[in-house]
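A.B. asks: Once you've had a glance at the structure underneath, I'll fire off some questions.
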Amino acid sequence: MNEARSPESQVDNADVRQKKWQIVSAQVAILVTLVGLVAGSIKFLYQRGDSLRAQSETARLQAENAKRESQKPFLEKQLVTCFNVVGTVGSLAAEKEPGAVIDPKEHAKTLNQFWIHYHGILSVVENDNVEAAMVALGDQIRQCERIRQKCDLQNNANRLAHACRNLMRAGWDIAEVQYNQ
């Protein structure tokens, strides 16, 4: 019942085992190679995505800087104009302060400067809030001139100053102002 294996049968079994081992080894090598290729591809794609995101962010920042540089002459003119008109209005508002000495010639000159700003360059650089504050000041000044009284322009002057500050902060993209303390 126990058959003795012939030497040919043993050689055939060894060949079969060797061929199976070679096939399994080749399959494992192919599998390891495929896993390496897939892992390498995934790593490459992630790195490429990170690189593209970084390039995109750099391009966005460059575009923002280019835009700001192209707007800079306008923003600088807006800044100077706002400071000038706020200074003019501040001078008119200060006339109502107790003890303020008013030189009629200086008052007329300052008032004239206000109307030049009102009808002139401020219209080029203002936004709706600055315009509304200037219109309120103009209406108030006209009313005071009609009844020949000193104007109490302080509230409207402050409203204009704050509107100009907000306009400049928005134009220069300044989130908050840092004050020295």
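A.B. asks: Just name the residue that is nearest to Met168 (Cα to Cα) out of those in the range 101-155 that are charged (D, E, K, R) and touching a residue at least 24 places away in the same chain (Cβ under 8 Å). Let's see the steps before the verdict.
C.D. replies: Residues of the range 101-155 that are charged (D, E, K, R), as a first pass: 103, 105-106, 109, 126, 128, 131, 139, 142, 145-146, 148, 150, 152.
Now drop any that are not touching a residue at least 24 places away in the same chain (Cβ under 8 Å), which leaves 126, 150, 152.
Values: Glu126: 10, Lys150: 30, Asp152: 26 Å.
Ranking the qualifying residues of the range 101-155, first place goes to Glu126.
A.B. asks: Another question, then. List, please: which pairs have Cβ atoms under 6 Å, are six or more places apart or on different chains, and start with a residue in the range 64-82 that is free of Cβ contacts under 8 Å to residues at least 12 places away in the same chain and under 29 Å from Met134 (Cα atoms) and end with one that is among the hydroxyl-bearing types (Ser, Thr, Tyr) and surrounded by 10 or more Cβ atoms within 10 Å (Cβ to Cβ)?
C.D. replies: From the range 64-82, no pairs qualify.
A.B. asks: Taking the conditions exactly as written (aliphatic (A, V, I, L, M) and either in contact with a strand residue (DSSP E or B) (Cβ under 8 Å, 6 or more places away or on another chain) or free of Cβ contacts under 8 Å to residues at least 12 places away in the same chain (or both)), does Leu34 satisfy them or not? Even if it seems obvious, please write down each step before you answer.
C.D. replies: Values: aliphatic (A, V, I, L, M): yes; either in contact with a strand residue (DSSP E or B) (Cβ under 8 Å, 6 or more places away or on another chain) or free of Cβ contacts under 8 Å to residues at least 12 places away in the same chain (or both): yes.
Considered against the rule, which asks whether it is aliphatic (A, V, I, L, M) and either in contact with a strand residue (DSSP E or B) (Cβ under 8 Å, 6 or more places away or on another chain) or free of Cβ contacts under 8 Å to residues at least 12 places away in the same chain (or both), Leu34 comes out as yes.
A.B. asks: Moving on. If you go through the range 133-147 one residue at a time, do you hit one that is surrounded by 14 or more Cβ atoms within 10 Å (Cβ to Cβ) and within 31 Å of the chain's Cα centre (by Cα)? Break it down into steps so the answer makes sense when it comes.
C.D. replies: Of all residues in the range 133-147, those surrounded by 14 or more Cβ atoms within 10 Å (Cβ to Cβ) come to 133-134, 136-138, 140-141, 144.
Filter again for within 31 Å of the chain's Cα centre (by Cα), leaving 133-134.
Looking for residues that are surrounded by 14 or more Cβ atoms within 10 Å (Cβ to Cβ) and within 31 Å of the chain's Cα centre (by Cα), one finds at least one in the range 133-147, hence yes.
A.B. asks: Yes or no: Ala163 more than 13 Å from Cys82 (Cβ to Cβ) and of a type outside the set (Asp, Glu)?
C.D. replies: Values: more than 13 Å from Cys82 (Cβ to Cβ): no; of a type outside the set (Asp, Glu): yes.
Criteria not met by Ala163.
A.B. asks: List the helices (runs of 4 or more DSSP H) that sit entirely inside the range 78-181 and contain at least 2 residues that are closer than 26 Å to Arg68 by Cβ. Don't jump to the end; show me each part of the working.
C.D. replies: Values: elements: 104-119, 122-125, 128-147, 154-171.
Correct list: 122-125, 128-147, 154-171.
A.B. asks: Let me ask something else about it. Considering every residue within the range 70-90, establish whether at least one is out of contact with any strand residue (DSSP E or B) (no Cβ under 8 Å at 6 or more places or on another chain), within 30 Å of His117 (Cα to Cα) and surrounded by fewer than 11 Cβ atoms within 10 Å (Cβ to Cβ). Spell out how you get there, then give the answer.
C.D. replies: We begin by selecting, within the range 70-90, every residue out of contact with any strand residue (DSSP E or B) (no Cβ under 8 Å at 6 or more places or on another chain); these are 70-90.
Cutting the leftovers down to within 30 Å of His117 (Cα to Cα) gives us 70-90.
Of the ones still in play, those that are also surrounded by fewer than 11 Cβ atoms within 10 Å (Cβ to Cβ) are 70, 73.
Yes, some residue in the range 70-90 is out of contact with any strand residue (DSSP E or B) (no Cβ under 8 Å at 6 or more places or on another chain), within 30 Å of His117 (Cα to Cα) and surrounded by fewer than 11 Cβ atoms within 10 Å (Cβ to Cβ).
A.B. asks: Here is a further query. Could you please let me know if Thr58 is part of a helix (DSSP H, G or I) and under 30 Å from Val135 (Cα atoms)?
C.D. replies: On the way: part of a helix (DSSP H, G or I): yes; under 30 Å from Val135 (Cα atoms): no.
So Thr58 does not fit the description; no.
A.B. asks: Within the range 73-128, track down each residue that is of a type in the set (A, V, I, L, M) and more than 16 Å from Ala161 (Cβ to Cβ). I'd like the intermediate steps shown before the answer.
C.D. replies: Here is the first cut: in the range 73-128, the residues of a type in the set (A, V, I, L, M) are 75, 79-80, 85-86, 89, 92-94, 100-102, 108, 111, 116, 121-122, 124-125.
The answer is Leu75, Ala100, Val101, Ile102, Ala108, Leu111, Ile116, Ile121, Val124.
Every residue, every condition in (1) at pLDDT 85 or above; (2) more than 30 Å from Arg165 (Cα to Cα), yes or no:
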residue: Ser9; (1), (2): no, yes
residue: Ile23; (1), (2): yes, yes
residue: Ile30; (1), (2): yes, yes
residue: Leu37; (1), (2): yes, yes
residue: Gly49; (1), (2): yes, yes
residue: Arg68; (1), (2): no, no
residue: Gln71; (1), (2): yes, no
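A.B. asks: Then there's this: In the range 105-132, what residues are charged (D, E, K, R) and exposed (fewer than 12 other Cβ atoms within 10 Å of the Cβ)? Talk me through it step by step, then tell me what you get.
C.D. replies: Quick first cut of the range 105-132, residues charged (D, E, K, R) only: 105-106, 109, 126, 128, 131.
Residues satisfying the conditions are Lys105, Asp128.
The values are calculated or read from the model by the stated rules, or taken from the named source; none is laboratory data. None of the values given here were measured: they were computed from a predicted structure. Cβ sites come from the backbone with ideal geometry, for glycine too, and all protein chains shown count toward neighbours.
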